[in-house]
Amino acid sequence: MNLINPIYYGKEGIKEINNFIQENKPSKIVFLVDENTHKYCYPQVISGIETTAETEIIEIKPGEENKNLYICIQLWETLTHFKTDRKGLLINIGGGVLTDMGGFVANCYKRGINFINIPTTLLAMVDASIGGKTGVDLGSHKNQIGNFALPRMVIVDPEFILTLPQEQILSGFAEIIKHGLIADEVYWKEIAALKEIKTENLEKLIRTSIEIKKEVVSQDFTETGLRKILNFGHTIGHAVESFFLENKTPVMHGEGVAMGMIVESYISVRKELLSRQEYEEIKEYISSLYPKLAIKEEYFDNILAFMQNDKKNVNNEIKFVLLEKIGKAVYDISVEEELIKEALRTYIEG
Ligand code: GLY
């Protein structure tokens, strides 16, 4: 069984969609877009698609606050209204919010229809759209409801990055940094040599990051072991993101993960895994790119409450992915609350 979706790049991808359409003859093709991708990306995609099937477009609002079951219900109702049957094809064109939710909607609709992801943000290209995780948030709890479901293919067109605001690039870049830290020291050095993020450097990094993610996911699709390393920086990062989301001052996913990687690297040192020198190197590089998040000591208990709900926990113990060294992560490490608080305090003071 192929445990990872095929990934195609650029114009080759549109050809592959056309091949898929020719072979599978979908009864209807529905494009899921948001306000931005409708305007900037959909025209480019549709101009290359060859089909005689009826097509429809569903536009949703962008943003994490719209990644929930209420929007899913509207999407299922719209698919029903369009008389989409089990041979329908959903093509998700958007960032991680849209591809996560679109995949979930497709996989639940009539017990599952085919879907294809066309990620349009850096974050979705190197992480969210690849590997078959789908889902939505439940209140402020990120990705609390979801399942594993593979798209038929993912089409990565780095050209879409050219229309992205810098903050979106920075958000996705945190996942690229993560890939270097957890799996490949040489890749980390290549990344850390970049003093600023230029779009012309990104295509190569996107391909390397996707290869790293593919390698990990293909060994452990349903995250019973190794795949957990892809969550480095996310135990803290998701909790902080959820905290700010609940307080109606959302931060970008990558900002939460960037902070999470610094704090979790500190914990790695305190657990006598990572060397202090490598921790300083990581902290210095990430801090040179990302603004410091406005965390205060009085938020700690709320942030910890979100961590208690992390999907990696077992028996109420908060389990972390930590670094043994740059390029090598370990998972399922229990970390006591006092050490988590100490690490957060060090982040605030550092
Ligand atoms: N985003 C982490 C994973 O796909 O496992």
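Just a few scattered comments:
- The number of residues in the range 202-234 being touching a strand residue (DSSP E or B) at 6+ places or on another chain (Cβ under 8 Å), β-branched (Val, Ile, Thr) and buried (at least 19 other Cβ atoms within 10 Å of the Cβ) comes to 3.
Residue-by-condition table, conditions (1) β-branched (Val, Ile, Thr); (2) modelled with pLDDT under 95; (3) more than 23 Å from Ala183 (Cβ to Cβ); (4) touching a Gly at 6+ places or on another chain (Cβ under 8 Å):
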| position | (1), (2), (3), (4) |
| --- | --- |
| Ser242 | no, yes, yes, no |
| Ser268 | no, no, no, no |
| Lys271 | no, no, no, no |
| Glu284 | no, no, no, no |
| Gln308 | no, yes, yes, no |
| Glu324 | no, no, no, no |
| Lys328 | no, no, no, no |
| Tyr331 | no, no, no, yes |
| Lys341 | no, no, yes, no |
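- Taking helices (runs of 4 or more DSSP H) as the structural unit, those lying wholly within the range 169-261 and holding at least 2 residues that are over 17 Å from the mean Cα position of the chain (by Cα) and farther than 26 Å from Tyr8 by Cα correspond to 185-192, 234-246.
- Between Leu150, Leu122, Leu164, the distinction of being under 15 Å from Lys214 (Cα atoms) and either within 16 Å of the ligand (Cβ to nearest atom) or modelled with pLDDT under 95 (or both) belongs to Leu150 only.
- Answer residue from the range 66-120, given it is on the phi > 0 side of the Ramachandran plot and among the charged types (D, E, K, R) and is surrounded by the most Cβ atoms within 10 Å (Cβ to Cβ) among those: Lys110
- For the range 215-241, the set of residues classified as over 23 Å from His141 (Cβ atoms) and more than 11 Å from the ligand (Cβ to nearest atom) consists of Glu215, Ser218, Gln219, Gly225, listed by residue number.
The values are calculated or read from the model by the stated rules, or taken from the named source; none is laboratory data. All of these numbers come straight from a predicted model, not from anything done at the bench. A quick note on method: Cβ atoms are made from the backbone with ideal geometry, for glycine too, and the neighbour counts reach across all protein chains shown.
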